[in-house]
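Inspection log for the structure reproduced underneath, given as structure tokens.
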Amino acid sequence: MVLSVKKEKAVLNDLRDFIEKADELGEVQVVEGADWDVELGALSELKAETPDSPLLLFDKIKGYPPGFRVASNPFASPRRTALGLNLPLEGSKMDHVRAMRRRLKEGIKPLPPVESIDIVRGWWASPGPDVLLSPERRKRRQYEHSLAIITACKPYYWINEFPSPSKVRPELEKELKEKWATLFDGKK
């Protein structure tokens, strides 16, 4: 199958648009009432291990007002990856790779590193190990700070020199799968 690469400008303006389009595709699962301390990260990690797992949209997070949401696993399915790259949604993973290669050959230039860094101010952090948060700010639950988002990946030839990814402890996995059984019942 040969997929044509879209020539028009991307139709997604921001993450909200992406989530809305992914939801229209049936690829979003809303999780309400999870605890920010361990559950958000562990549930995201456990769901990421399942093939074509949904984008998890956490809302009504314990200790925070509704609307303070967290999205995880945005590109854990081929369709959402294609959506984010403005590729056709149909086709196999290999079809998507071929379409992206054609697009790159047609002149998409990768951004130089200095242009592929976003500085985000007022970013919400967990109250955990961020040493830049003063005790006074922690007491006020004022967890925001600035951060730089750098688009990068580790070189393949260094693969054996990087630490292995973190894993959810087996006892925590069992506890979460019991508490959040609806996330793991085989539905998206």
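Would you check which residues across segment 1-35 are farther than 27 Å from residue 68 by Cβ and modelled with pLDDT of 95 or more and list them?
none
Of all residues in segment 29-58, which are more than 18 Å from residue 185 (Cβ to Cβ) and surrounded by fewer than 17 Cβ atoms within 10 Å (Cβ to Cβ)?
Passing the criteria: 35, 37, 38, 41.
From the residues in segment 59-98 that are closer than 21 Å to residue 45 by Cα and among the charged types (D, E, K, R), which one is surrounded by the most Cβ atoms within 10 Å (Cβ to Cβ)?
So, considering only residues that are closer than 21 Å to residue 45 by Cα and among the charged types (D, E, K, R), the one surrounded by the most Cβ atoms within 10 Å (Cβ to Cβ) is 80.
From the list 31, 97, pick out the single residue that is outside any strand (DSSP E or B) and either over 14 Å from the mean Cα position of the chain (by Cα) or more than 20 Å from residue 179 (Cα to Cα) (or both).
From the options 31, 97, the qualifying one is 97.
Just checking, does segment 102-114 include any residue being of a type outside the set (A, V, I, L, M, F, W, C) and at pLDDT 85 or above?
Yes, segment 102-114 has at least one match.
The values are calculated or read from the model by the stated rules, or taken from the named source; none is laboratory data. Worth saying up front: this structure is predicted, and the values here are computed from it rather than measured. So basically every Cβ, Gly included, is an ideal-geometry build from the backbone, and we count neighbours across all protein chains shown.
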